[in-house]
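Quick notes on the structure that follows.
Derivation of every value follows stated rules applied to the coordinates shown; laboratory data play no part. These numbers come from a predicted model, not from an experiment. Positions of Cβ are backbone-derived with ideal geometry, glycine not excepted, and every protein chain shown enters the neighbour counts.
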Amino acid sequence: MARDVSDTTPITSRAALISSFEAGCKSEAAQLHIGTEHEKIPFYDATHTPVPYQKNDERGGIQQLLEGMQAALGWEPILDRDFLIGLTDPKGGGALSLEPGGQFELSGAPLLDVHATSEELSVHFNALAAVANPLGIKFLDLGASPKWSRAETPIMPKQRYGIMSRYMPKVGAHGLDMMFRTATIQVNLDFTSEADMVEKLRVGLALQPVITALFANSPFLDGIPTGRLSQRSWIWRDTDADRTGMLPFAFEQGFGFEQYVDYALDVPMYFVKRGDIYHDVAGSNFRDLLAGHLPQLPGVQATLSDWANHLSTIFPEVRLKTYLEMRGADGGPRGHMTALPAIFAGLYYDRLALDEARQLTKNWSTEMREKLRQDAPIQALEAEIDQRKIRDIARDLLVIASNGLKRRAKFDKNGRDERIYLAPIEEIIDDGKTLAQKRLEDFNGPWRGSVDPAFVDCVLPI
C-alpha cells in the first residue's frame, strides 16, 4: 500500500472526479509503463516468530529494518505521527511501505519493461540482504502466513490500519485475516483512452481467477492446510462485499470512468486525513464529504487527496486509479514477481494480444466469471469455465502473452526479450501443479505434517 496522498486541491463536483481518471490516459505516442508491487512476510530466522515493529529484546524490529533501508538507499522517510512507516524515492521511483501485520512491501517505480523490473528487484533485495541478515530477519515467499494466529501477529503503528481493524469485523468474516496474514504480487499498467481502459479492465477482471490459479501459493493458515490452494484469494471473498469482487457492472454497455466514479462514491469511506491525523469516518459516504456535509467533520471540504486515498481503500480484483492494478496473484518467489508483469505487458501492450485475450474471455457471463472466482482458490488449474479447465485456458493465455512480448521486442543486455520471465509459469502449466500443491506434497511428505519447515524451504533468497 503506497504512501497516502496529500494534494489539498479542493473538489466540489462529480465531474472533477471523472476528470481525475481522464488525467490518467497516456497518449498513443507515449511509452507505456509497468509498475510491480510485492509483499513479503518477515520472520526471525532463529525462532521462526513474527517481527514486531519495535526492537524485541536485542533483536531489531521493522523500525530498524526501515532505518537500515533508509541509510542504504538514501530514500526519504514516510512518517505516521512520529513512527517511521515507509520510505519513498526522492527521484520519483518506488516506495517501501508496511502492511498491517508487518508485511514488507516494495511498490516499484513505473518502468518501461520487465527487464527494468528485474533490475529494480535486484537492487531492492541486495539492499535488503545487507540490512536484514545482521538483524536475523528473513522473508517467507508465501501468499499467507502459514502458522501464526492473528493474536500472535504484530500490528503496525499506522492510523489507517487502526480504523480499518475496527471496521472490518462489521462487514465480513475474514477482513482481519486479509489485513494481517496475507501477501500478494500486483502489477500496474497504463491505458491510453477511456475505451482502452474499459477493454483492459474487462479482460483483467475476467482473467484474475486464472491468475489466482497460476500463482496459487497459500495453502496453509494456523499451522494446517486449509483445503484451499489460494487461501489468500478465499479470504478476499468474505472481506467486505462493498469494496471487493469482480465488478459485474464493468461489463455493462456504456461503462466508463463515470460509472466507476459512481461505484467508488457508494463505497463506504474509512478515513479523512487532515495534517497528521486520520479521522475515523468509517461507513460514511464520500458524497457527503463532496458536499461539505460529512456528519463527523461538518464543513470540511473534499480534496483531491481525499479522493485518491479513498480509491486506495477499494479492493476489487482489478482496481482503477490513473492506471489499472491487477490484484489476483498470491505472494511468491522472485520469479513470480517478474512473471506477473511479463504476462500483462504481453497482453496489454500489444494490440493483437489484447484482442486475442478479449476473444478468449468474451463468452464468459457474469455468473461464469463469479463461479470461476469461487472455484479457482480451491481447484486452481482444475477449475473450469465454459467447459474448459483453467490449465488449458492458461496455456492459451501464455501463448498470447508470449507472442505479445515477442512483438514488443524489449531486449536485455544479452539480447533476450521479456519472454524469459514467463518460464516459472510455463513450468506450472506443463507440470499441472501449482506452488501450493508442491508445498502440500512437502507437508505430507518430508515436512511430516508440520509447517515449520516452510521457514526454511519457503524463504526468499536474500
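Values for this structure:
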read-out: Cut-off under 5 Å, modelled amide H: who pairs with PHE271 long-range; value: VAL281
read-out: Cross-link table LYS26/LYS321; LYS91/LYS273; LYS147/LYS389; LYS55/LYS158; LYS91/LYS200, entries beyond 21 Å C-alpha to C-alpha; value: LYS91/LYS273; LYS147/LYS389; LYS91/LYS200
read-out: Span per principal axis, largest first, for the Cα atoms of the chain (Å); value: 63, 57, 45
read-out: Under 5 Å, built H, 5+ apart or other chain: amide partners of GLY331; value: GLY143, ALA183, THR184, ILE185
read-out: At R0 = 25 Å, FRET efficiency that the Cβ-Cβ distance of SER13 and THR366 yields, to 0.05; value: 0.20
read-out: The stretch 1-160: Rg to Rh, with Rh as the Kirkwood radius over Cα pairs; value: 1.02
read-out: Inter-probe distance in nm under a simple model that places probes 7 Å from Cα toward Cβ, at GLN374 and THR49; value: 4.3 nm
read-out: For the stretch 314-319, Karplus couplings with θ = phi - 60° (6.51, -1.76, 1.60), whole Hz, Gly/Pro x; value: 9, 10, x, 5, 10, 10
read-out: In Hz, Karplus ³J(HN,Hα) per residue of the stretch 138-144 (6.51, -1.76, 1.60; θ = phi - 60°; x = Gly, Pro); value: 10, 9, 6, 9, 9, x, 8
read-out: Per-bin percent of Cα-Cα distances, the stretch 211-326 [10 Å]; value: 12, 36, 29, 18, 6, 0
read-out: Computed [θ] at 222 nm, deg cm²/dmol, the chain (DSSP H ≥ 4; -39,500 (n - 2.57); rounded to nearest 500); value: -12500 deg cm²/dmol
read-out: Calculated FRET efficiency for the pair ARG237/ALA130, C-beta based, R₀ 35 Å, to 0.05; value: 0.35
read-out: Projected label distance in nm at ASP57 and GLU426, using a 7 Å step from Cα toward the beta-carbon; value: 4.8 nm
read-out: For ILE78, distant residues with modelled amide H under 5 Å away; value: ILE85, GLY86, LEU87, THR88
read-out: Cα-projected label distance for LEU297 with GLU152, points at 7 Å along beta-carbon direction, nm; value: 3.9 nm
read-out: In sequence order, calculated HN-Hα J values of the stretch 80-95 (Karplus, 6.51, -1.76, 1.60; Hz; x Gly/Pro); value: 10, 6, 9, 8, 6, 10, x, 9, 9, 6, x, 8, x, x, x, 8
read-out: Per-residue Cβ neighbour rank within 10 angstrom, fewest leading, LEU340, LEU405, LEU79; value: LEU79, LEU405, LEU340
read-out: Mean Cα-pair separation over length for the stretch 351-444, i.e. relative contact order, pairs under 8 Å, 6 or more apart, %; value: 23 percent
